[in-house]
Amino acid sequence: MGYKFGEGANPFALVGRCIKLKNVTPIQYVSAREALVTWHHRGEQGTVFVEDKSDAGLSINNAKVLVGKSIGTYEYTTVLGSKAIIPHLVIE
């Protein structure tokens with residue numbers, strides 16, 4: 001990812017750090033400016049909940065590189081019914 005915190009499929013452990021996600025693809029839209037996205041970079045991959053607070057509001061759709069701030073975690077239920085906790089990323 002360029003920046004890696006912790007270990008595992010979603011290697012984040014710190015809150016409030018700037019991170020970069022390359023090759024981002026929305027996999028599920030929560031609202032017009034919120035989506036679950038997948039990323040992969042140098043063999044690492046994972047899922048992140050993205051909240052777009054940019055002026056244009058186009059970062060989720062158009063950006064191949066997202067730069068934002070990890071502000072915590074997001075809990076959701078997968079399509080298979082299991083609980084998942086992933087990083088919450090804000091794009092400004």
Discussion item. Can you compute 3J(HN,Hα) from phi for each residue in the stretch 75-83, using the Karplus curve 6.51 cos²θ - 1.76 cosθ + 1.60 with θ = phi - 60°, rounded to whole Hz and x for Gly and Pro?
Written reply: 10, 8, 9, 6, 5, 8, x, 8, 7
Worksheet item: In nm, what is the difference between 0.36 nm times the number of residues separating Glu44 and Lys20 and their Cα-Cα distance?
Response: 7.4 nm
Practice prompt. Return the loop-located trypsin sites (Lys or Arg not before Pro) in the stretch 15-71 (DSSP other than H, G, I, E, B) with at most 10 other Cβ atoms within 10 Å of their own Cβ; answer none if there are none.
Written response: Arg42, Lys64
Worksheet, complete the sentence: Residue separation between Tyr76 and Ser31 times 0.36 nm, minus their alpha-carbon distance, gives in nm 14.8 nm
Worksheet item: Under 17 Å Cα-Cα from Lys64, which aspartates and glutamates qualify once same-chain neighbours fewer than 8 residues away are excluded?
Response: Glu34, Glu44, Glu51, Asp52, Glu92
Discussion item. Check which residues have an amide H placed less than 5 Å from Lys20's amide H, if you skip close sequence neighbours.
Written reply: Tyr3
Worksheet item: What fraction of the Cα pairs in the stretch 20-92, stated in percent, has a spacing above 14 angstrom?
Response: 57 percent
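Quick note: the coordinates plus some simple rules give every number you see, no bench work behind them. None of these values were measured; they are calculated from a predicted model. Every residue, glycine among them, receives a Cβ derived from its backbone with ideal geometry; neighbour counts consider all protein chains shown.
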